[in-house]
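First the structure, in the form of structure tokens, and then the observations on it.
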Amino acid sequence: MNFDLTEEQQLLKDSVTRLLADRYSFENRKTFQASPDGWSRDLWRQYAEIGLLGVAFSEADGGFGGGPVETMLISEAFGKALALEPYLATIVLAGGLIRRGGDAEQRAALIPSIASGELLLAFAHAERQSGHDLFDVGASAKKDGASFVLNGEKGLVLHGDCADKLIVSARSAGARRDKAGIGLFLVDAKADGVSRRGYPTQDGMRAAEVTLTNVRVEPKDVLAANGDALPLIERIVDEAIAASSAEAVGAMSEALDMTVDYLKTRKQFGVPIGSFQALQHRASDMVVALEQARSMMMLATMMSAEENAAERRKAISAAKVQIGRSARFIGQQSIQLHGGIGMTMEYKLGHLFKRLTMIDILFGDADYHLERLSKSDGLIG
Amino acid sequence: MDLRFTDDELAFREEVRGFVKSNLPASIKQKIVEGRHPGKDDIVAWTRILNKKGWSVPHWPKEWGGTGWSPVQLLIFNDELQQGGAPEPLAFGTSMVGPVIYTFGSDAQKRRFLPRIANIDDWWCQGFSEPGAGSDLAGLKTTAKQEGGEWVINGQKTWTTLAQYADWIFVLARTDGTVKKQEGISFILVDMKSPGVTVRPIQTLDGGHEVNEVFFDNVRVPLENLVGEENKGWNYAKFLLGNERNGIARVGISKARLKRIRELASLHVYGERPKIEDPLFRMKLAAVEVELKALEMTQLRVIAGERNREKGKPDPASSVLKIKGSEIQQATSELLMDVVGPYALPYQSEREDGDRWNEPPVGPDWASTIAPTYFNLRKVSIYGGSNEIQRGIIAKAILGL
């Protein structure tokens, strides 16, 4: 057992931290957010240059052979900086589906241009009625000769507005809430029959509602046509939960750092407010919440690569519960300890709080995962 | 980063597990599993079994009986003993005064006391808290004055755990009242048989007798029983309390209790179904399991960080372990209350030896310890530096507030 980073991992961590410290001040973030894309294409190119976009892919596929730990390090740094770029959407979600679900030709065709930053992807999976249930897919995929024809509506497609291609889940068999019968299809975002409505989310990121009307998919763009894509989707969503847990830990640690700085500098009654025991103890409880969350981030990272799906899902759900609870506590308390300034749009803290709140909802909130865990045979073996 | 145990560590775990399984007397194990207090004889018997194997003080330096195990091995060892239903070692000897003696004591003290601690030939208790010095421990008033080539000790200690069995007590006493309160304290070893030592029991709200008051009335102690330097006792006390916090997460004990909760909740039916089929109960159980899993990982992180720390300096992160560990222990005792239901009510004083109680128990035979355990465990967020004191340590030592 060890918690050490390899030399390469340490270098990666240092370089992403340095780049974001140089380029991702909160003022810059405001500018990126106000641009038409809602994020920075320039920084996306730089992420590619220092290898962040390709690191999770195997060397054979045109990546750098990293794994979940690399994704964790990058995500944590992005969380601290509140980076707006479509890393989770393109690299973790859609990239993950191609990495684990694409055939050799698909991987060769797509991964190099993902890693170089040229190709943006999004995963169009959730639907208005599906909630957090990954198997709830109403969109249909009808076989037409060797091709498929897709129809349906997808919602909350993260960074779906800027994606060049979408990976769409659609049902070739079964009823809406059946676990079997789901396939994955690679669709050009500008293809006939695809319409998108992009919008900002509460935390300053971007998403889209996508409508598919008789969208034709050629055989080469079918990822999992045998109708058994659910285990793959679950696996990639678990990887995304691990990554967003790290993003949350980054945001929590930034919120705590800002709060502690504020407690040391803000004076009332002639003394720094950090000298008051009520506030000290609250800050200490935030430390406890952060450390518990960081521990579960690491567990989620390691267990996201676990082959035994039942064990993997238990650990991931446990992490999601802890991260959700810690994030809510730290987010709310950091605003409280800042007082009025924490309520303002111009100050970074409130944006950390909003991102933390959205991360809890993504992929199932703490209560959803607690209920799922409660139906299992237990976490303590 | 690899959070799995290595093959060697897994083999070590099997070895410890096997040893506990084949050497822990069944009668002792049963007491622990049922949530009853082990007697003095039980703790002595088990410590001697461990000592025969060379495992009674594994964390000590090798020359005094330690094993040279890695921090991870020590963690596995403690976890296996706790999960296997072994009584906890008498921490006052093995984790408190023992390390103080081998770190700060004289050679004569080491030779005299350490082997007897390892074999529990001496039963130690802790003379720290006083009626007026709890969280503000440095405000203690018990005095030790040099008189005729001896220390003369006067004062009162309280919350002295298992002092009724003790042969020795380590005492913090004021040896200089003219300086800053932390700088006038000394650490002195006192034979409990000395004239002038009186032990008076305190009954706690669970009905048990774990703690005592200890009175010192002109108790005469040889000068050589001072540990380290005069007036440096506060440093030794801080060292000791830092060590105390390290074991305080009690992850193995909480794991064992959660397993028992699942077991009892599956067997025990009141109302229409076993408790384990109640969705609300399952959610509460899962929530505690998540916290415990996170704590287990946090403990591993603290231990892994030990390599990079100055030896003997406590890690302020151990305060995180203390807070969470105590909260989880308390939460598990609340879950047991949920499981037992109405038959938590009958009060049946503990049957320390089976013969004294000839009547059958009222209600299920495992139910009588559950409410007392819940009441008793309120102590864990108070002792060893209350959780509020721990929050103060985090605020100062980690956050710099």
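The values are calculated or read from the model by the stated rules, or taken from the named source; none is laboratory data. These numbers were taken from a predicted model, which means no experiment stands behind them. Note that each Cβ is placed from the backbone with ideal geometry, even for glycine, and that neighbours are counted across all protein chains shown.
When we screen B:238, B:255, B:259 for residues that are surrounded by fewer than 22 Cβ atoms within 10 Å (Cβ to Cβ) and closer than 25 Å to residue B:167 by Cα, the only hit is B:238. Taking the conditions exactly as written (within 30 Å of residue B:372 (Cα to Cα), among the aliphatic types (A, V, I, L, M) and buried (at least 16 other Cβ atoms within 10 Å of the Cβ)), does residue B:199 satisfy them or not? Against the criterion (within 30 Å of residue B:372 (Cα to Cα), among the aliphatic types (A, V, I, L, M) and buried (at least 16 other Cβ atoms within 10 Å of the Cβ)), residue B:199 qualifies.
The number of residues in the range B:361-401 being more than 10 Å from chain A (Cβ to nearest Cβ) and not in a helix (DSSP H, G or I) comes to 11. Of everything in the range A:361-381 that is in contact with a helix residue (DSSP H, G or I) (Cβ under 7 Å, 6 or more places away or on another chain), free of Cβ contacts under 8 Å to residues at least 40 places away in the same chain and assigned to a helix (DSSP H, G or I), the residue that is farthest from the other protein chains (Cβ to nearest Cβ) is A:371. Against the conditions (1) in contact with a helix residue (DSSP H, G or I) (Cβ under 8 Å, 6 or more places away or on another chain); (2) modelled with pLDDT under 95, residue B:342 satisfies every one except (1).
Scanning the range B:296-312 for residues that are aliphatic (A, V, I, L, M) and facing chain A (nearest Cβ under 7 Å), we see that the one that is farthest from residue A:314 (Cα to Cα) is B:304. Within the range B:8-20, can one find any residue that is more than 14 Å from every other protein chain (Cβ to nearest Cβ) and either in a loop (DSSP other than H, G, I, E, B) or in contact (Cβ under 8 Å) with a residue 40 or more places away in the chain (or both)? For the range B:8-20, residues more than 14 Å from every other protein chain (Cβ to nearest Cβ) and either in a loop (DSSP other than H, G, I, E, B) or in contact (Cβ under 8 Å) with a residue 40 or more places away in the chain (or both): present. Restricting the range A:264-297 to residues that are more than 33 Å from the chain's Cα centre (by Cα) and surrounded by 19 or more Cβ atoms within 10 Å (Cβ to Cβ), the residue that is nearest to the other protein chains (Cβ to nearest Cβ) is A:274. A search for C-beta distances below 7 Å between a residue of the range A:1-23 that is within 13 Å of chain B (Cβ to nearest Cβ) and any residue that is of a type in the set (Gly, Ala, Ser) and assigned to a helix (DSSP H, G or I), counting only pairs 6+ apart in sequence or on different chains, returns A:2/B:304; A:3/B:304.
For residue B:126, the conditions (1) touching a Gly at 6+ places or on another chain (Cβ under 9 Å); (2) at pLDDT 95 or above; (3) not hydrophobic (A, V, I, L, M, F, W, C) are fulfilled apart from (1). Elements of the type strands (runs of 3 or more DSSP E) sitting completely within the range A:92-209 and holding at least 2 residues that are under 25 Å from residue A:362 (Cα atoms): these cover A:121-124, A:147-158, A:165-171, A:182-188, A:194-200.
Mind checking whether some residue in the range A:328-341 is crowded, with 22+ Cβ neighbours inside 10 Å, more than 13 Å from every other protein chain (Cβ to nearest Cβ) and either hydrophobic (A, V, I, L, M, F, W, C) or under 19 Å from residue B:297 (Cα atoms) (or both)? Yes, the range A:328-341 contains at least one residue that is crowded, with 22+ Cβ neighbours inside 10 Å, more than 13 Å from every other protein chain (Cβ to nearest Cβ) and either hydrophobic (A, V, I, L, M, F, W, C) or under 19 Å from residue B:297 (Cα atoms) (or both).
Entry remark, the range A:156-185: residues being closer than 23 Å to residue A:91 by Cβ and without any contact (Cβ under 8 Å) to a residue 40 or more places away in the chain number 0 in total.
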